[in-house]
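As structure tokens, the structure follows; a few thoughts come after it.
All of the numbers you see were taken from the coordinates with simple rules; none came from a lab. Keep in mind it's a predicted model, so treat the numbers as computed, not measured. Ideal geometry is used to build each Cβ from the backbone, glycine not excepted, and the neighbour counts take in all protein chains shown.
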Amino acid sequence: MAGKKNRRLLPGHTFVVFIGEEPFSFAKVTNLEAQIEYDAVVEGGNSLYPFFMRKPKTKLDTLIMEKGVRVRSTDRKFDTLAEGMYLKNILIILYGSTREVEKVFSVEWGVIVKKRFSDLDAMKNELFVETLEIAHSGLVAATVPNQS
């Protein structure tokens, strides 16, 4: 019985994003990744075993967050997020199927580098979507320990 409980997979559709202390509802968050850049250095005549040396980052990691725009712009706090704005303490909290916190992603600081709206096309029946692209200091992922 205990083995089956450990085999459940975590759904990726129930989450909330906090920017500072404010909760925001997004439909989609992409680029949940962190990476390090390396150089491969070959020493002398020994090309079989290169050394990997960490190099300074040349490109910031980015988070992309999308949400549908509400009718009559009832989401005024979202309207205050503008390109060039610095953000502190971004948390993405992922909930399991029983609404318990399962995983937390955190970013210490970021800056909104792009704010984009979907295309207007009278030939299609699609939602109007607003997108934020946030360059950030690095993503940290933490799994919440089992509390039972």
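Summary of computed values
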read-out: Equivalent ellipsoid, the chain (semi-axes from 5 times Cα gyration tensor eigenvalues, Å); value: 33, 26, 16
read-out: Neighbour net charge for L32 - beta-carbon separation under 12 angstrom, K R +1, D E -1; value: 0
read-out: Cβ-derived FRET efficiency at R0 30 Å, M85 paired with K57, nearest 0.05; value: 0.90
read-out: Gaussian network model of the chain, springs between alpha carbon atoms under 10 Å - residue of L60, L127, L48 with greatest fluctuation; value: L48
read-out: Residue among A122, A34, A82 with the largest mean-square fluctuation in a Gaussian network model of the chain, springs linking Cα atoms under 10 Å; value: A122
read-out: Percent of C-alpha pairs per 10 Å bin, segment 69-148, short to long; value: 15, 32, 32, 18, 3, 0
read-out: Fluctuation leader among P23, P56, P11 - the chain, Gaussian network, Cα springs under 10 angstrom; value: P56
read-out: Cα gyration tensor category, rounded, prolate or oblate, for segment 11-78 with a/c compared to 1.5; value: prolate
